[in-house]
Amino acid sequence: MRKTTLITGGTGYIGTHTALALINAGHNVLVLDNLCNSYRESIVRLERLTHTRVDFINGDVRDSILVDDVFRRYDIDAVVHFASLKSVEESVRRPLDYYANNFAGTLNLCATMARNDVFNLVFSSSATVYGDPTRIPIAEDFGTGKPVNPYGRTKLMIEELLTDLCNSDPRWNIALLRYFNPIGAHESGMIGEDPKGRPNNLLPCLTQVATGRIPELTVYGCDYPTVDGTCVRDYIHVVDLANGHLKALQVLQHRSGINFWNLGTGVGYSVLQIIHSFEDVTGITIPYRFAPRRLGDIAKCWADPSKAGRELGWSAQRGLEQMIIDTWRWQSCNPQGYQTSFEIPAPIEAK
Ligand code: NAD
Ligand code: WQD
């Protein structure tokens, strides 16, 4: 039986792009997802892109019988664990769901991996574990801070759980990848971000304004100590992010214990810079209005990605214009996301 990489949450936004990167690099992948925030159509699109059959199991990482069965049926040697709820705002209203899904889901997954002698794990962490940093750019050795919401706390708790696991048993090889702000889509326009329900993140909100689904963009805060008063973030192309997972899996072959890597570009852009860049690339004017600061937002956040450069041989290759071109191609070719029948996109040139 061929060695298989299990991708939990693999029909989601980052999972689909990572599955594509892994398949293109010769991995045999198996996707496990309960589709609570994604669509099975993403598997169909992956199959069209790779001309390969992609094994998919519709199931929950908390279901120990099912997950055990998956490990028995496939020869899994590594897991990339994306399955998680990710809305900050929802996590404040439904903390039990977040702790159960994210923390207990990871607990069950790790227990099942150990029972089945699988010890290679790449975990989706987040820059949110740094809390409100005292210095920027943020390097891994600053240590973690205090996440300000239940979602962020589940990520920090999982990081601690995985660290304890590595300390308890030298067979574990774990990569904690701390993502900054993923945006963009694969250049084919066939896969991209399609959250169920109302989006909270900047780019999905912005594209919904561009397509007329939302009348105007609300910009939270104009009085931050930044270049133009709006918050600054490190936006990273999802394809670069996906390639970081591939590198991490390769490095885990000869590196044991717990490993922390920031995946960001090292460059920050303000909300207004993103809006203006989007307008320049697409030629579409984005109506927006300022509103009070959003609870829990920090003024500035960008990565020092040099550790990933040194240790993984990874760095982000795509700039902001490319991120916006690709976001817009995905959105305009798929106005209903994965529920749109796909047509081959025309090339988009920057204005
Ligand atoms: P996503 O919601 O698109 O993907 C997550 C996938 O997990 C979804 O397909 C969902 O259906 C699935 N899922 C959720 N709970 C599950 C469960 N119990 N069992 C099986 N499947 C389950 O989110 P994404 O943006 O692709 O994020 C992927 C990972 O990266 C998450 O862990 C998220 O917390 C983390 N992350 C995301 C961002 C971001 O801004 N997108 C930033 C930092 C970290
Ligand atoms: C970016 C900026 C908003 C929407 C979140 C999570 C973090 C990580 C990534 C998972 C902020 C502003 C947004 C809008 C706006 N997720 N904004 N109007 O908050 O940096 O990070 O997603 O791990 O944990 O907290 O990203 O895209 O929500 O916001 O003005 O309609 O855009 O205030 O300054 P954020 P975001």
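Some notes on this structure:
Yes/no per residue for (1) part of a loop (DSSP other than H, G, I, E, B); (2) closer than 30 Å to residue 145 by Cβ; (3) modelled with pLDDT of 95 or more:
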| site | (1), (2), (3) |
| --- | --- |
| 286 | yes, no, yes |
| 290 | no, yes, yes |
| 329 | no, no, yes |
| 344 | yes, no, no |
| 348 | yes, no, no |
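- Test set (1) in contact with a helix residue (DSSP H, G or I) (Cβ under 6 Å, 6 or more places away or on another chain); (2) modelled with pLDDT under 95; (3) part of a helix (DSSP H, G or I) - residue 208 fails condition number: (1)
- Note on region 84-170: enclosed helices (runs of 4 or more DSSP H) holding 1 or more residues that are of a type in the set (Lys, Arg) and open to solvent by less than 20 Å² (accessible area, probe 1.4 Å) are 150-168.
- Remark: residue 103 matches the filter, which requires a residue to be in contact (Cβ under 8 Å) with a residue 12 or more places away in the chain, within 16 Å of ligand 1 (Cβ to nearest atom), at negative phi and among the aromatic types (Phe, Trp, Tyr).
- Of the candidates 5, 11, 16, the single residue that is within 23 Å of residue 118 (Cβ to Cβ), within 15 Å of ligand 1 (Cβ to nearest atom), modelled with pLDDT of 95 or more and outside any helix (DSSP H, G or I) is 11.
- Selection of region 176-203 for residues being at pLDDT below 95 and open to solvent by less than 20 Å² (accessible area, probe 1.4 Å) yields only 199.
- Subset of region 19-32 (residues that are within 14 Å of ligand 1 (Cβ to nearest atom) and over 16 Å from residue 192 (Cβ atoms)): 30, 31, 32
- In region 221-259, the residue that is nearest to ligand 1 (Cβ to nearest atom) out of those that are open to solvent by 20 Å² or more (accessible area, probe 1.4 Å) and part of a helix (DSSP H, G or I) is 239.
- Those residues of region 42-59 which are touching a residue at least 40 places away in the same chain (Cβ under 8 Å), crowded, with 19+ Cβ neighbours inside 10 Å and either in a loop (DSSP other than H, G, I, E, B) or more than 10 Å from ligand 1 (Cβ to nearest atom) (or both), in sequence order: 45, 46, 56
- Filtering region 171-225 to residues that are over 15 Å from residue 332 (Cα atoms) and among the small types (Gly, Ala, Ser) leaves 175, 197, 221.
The values are calculated or read from the model by the stated rules, or taken from the named source; none is laboratory data. What you are looking at is a predicted structure, and each value in this text was computed from that prediction instead of being measured. Note that each Cβ is placed from the backbone with ideal geometry, even for glycine, and that neighbours are counted across all protein chains shown. These accessible areas exclude ligands, DNA and RNA; they are computed on the full protein's heavy atoms, side chains included. Shrake-Rupley method; radii C 1.70, N 1.55, O 1.52, S 1.80 Å.
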